[in-house]
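Take a look at the structure below.
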Amino acid sequence: MNESDTKGAVHLAINAGVASVLFDRPSARNAMTWSMYERLNQICEQLKTDLSVRVVTFRGAGGQAFVAGTDIEQFTTFRSGEDGVAYEKQIDQCIARLESLPMPTVAVIEGWTIGGGLAIATACDFRIATAGSRFGVPIAKTLGNCLSVANLSRLSAVFGIPRVKRMLMLAEVLNTEEALACGFLLQAVEAGKIDVLLDTLCERLGALASITQGVSKEGLRRLVSNSLPPDEDLIRQCYGSADFREGVIAFVGKRSPVWTGK
């Protein structure tokens, strides 16, 4: 694997008013590295003032995954709960930039959409997917970390608290049918039809009043994010635990973690 495959990349292309963002690390199901998050930040900063862009799409390379979370090997450098607090702040800032884009955003989902990938997709205004895609945050099984309250709020707004509890506390991964039924997905189609669906949706969004779209999505964003409670104590407790360290070591070592509740 070359250096580009290891670090991954996030590409931006703009054509006829549609900005296409591609998460490009298919060898790792597009799991996000620090450099990929930084590039996503840069792209969102660039797009937020580009009046020529009417719609932004986000997609994973390879056709097997949207984004399968954050690359877990990066957590091997964490030494205390403070590292977790800093990490969650970094992720919150990145997701907030994406969520605050003034134009409509569409997540194009093909396959696994896990952890940080689910957070990215949830921050988009609309989500379309191929049949057989999967959605979840199975960290109670894999890593033993947690989500920020901001991301919990976003997930709860589209999935509902009972489903979010299933994803987080039971480590359940939801299928396309349930994600469609609860309104998380706008539409689901067979793999060969998603490009046609995307083109139709972008054309429809691009033909409508952009100011109305922008102020409407910002008003809804404020409703979801208004008066979020503090969460650093919760994040510090989780990332500072022996269970989190065990989860990282077990994942890197390709074995099942042994949880102790400490």
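A short reminder: the numbers here are calculations on the coordinates, not readings from a lab. Owing to the predicted nature of the structure, the values given are computational and were not obtained by experimental measurement. When we count neighbours, we look across all protein chains shown, and the Cβ atoms used for this are built from the backbone with ideal geometry, even at glycine.
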Proxy reagent accessibility, fewest Cβ within 10 Å first, across 259, 112: 259, 112
Once you put a point 7 Å from the Cα of residue 82 and another 7 Å from the Cα of residue 50, both along the Cβ direction, what distance in nm separates them? 3.9
Ranking 211, 230, 143 by how far each Cα lies towards the positive end of the charge dipole of segment 132-231 (+1 on Lys and Arg Cβ, -1 on Asp and Glu Cβ), the top one is 230
Quick calc, the chain, dipole around Cα centre from Cβ unit charges on Lys, Arg (+) and Asp, Glu (-), nearest 20 debye, gives 340
Segment 5-85: GluC sites (Glu not before Pro) in DSSP loop, at most 13 other beta carbons within 10 Å: none
Low-density loop cleavage sites - trypsin sites (Lys or Arg not before Pro) in segment 11-84, where at most 13 other Cβ are within 10 Å (DSSP): 79
Flagged as over-length at 21 Å C-alpha distance, from 48/217; 89/262; 141/254, the pairs are 89/262
Over the chain: helical MRE at 222 nm, DSSP H runs n ≥ 4 each giving -39500 (n - 2.57), nearest 500: -14000 deg cm²/dmol
Dipole moment magnitude, nearest 20 debye, segment 54-156 about Cα centre, only Lys, Arg, Asp, Glu C-beta charged: 280
Students often check this: by mean Cβ neighbours within 10 Å, which of 205-212, 96-103 ranks highest, and how do the rest follow? 96-103, 205-212
Among 171-181, 191-201, 147-157, how do they line up from the highest to the lowest mean number of other beta-carbon atoms within 10 Å? 147-157, 171-181, 191-201
How charged is the neighbourhood of residue 169? Take every other residue with its Cβ under 14 Å from the Cβ of residue 169, and add Lys/Arg as +1 and Asp/Glu as -1. +3
Specify the inter-centroid distance of segment 1-69 and segment 124-183, based on alpha-carbon positions, in whole Å. 21
At 0.36 nm per residue, and after removing the present C-alpha to C-alpha distance, how many nm does the segment from residue 233 to residue 41 gain when stretched out fully? 66.5 nm
Under the Cβ-under-4.7 Å rule, which cysteines of the chain stay unpaired? 44, 94, 124, 182, 202
Expressed in nanometres to one decimal, the distance between label points 7 Å along Cα→Cβ at residue 171 and residue 12 is 3.8
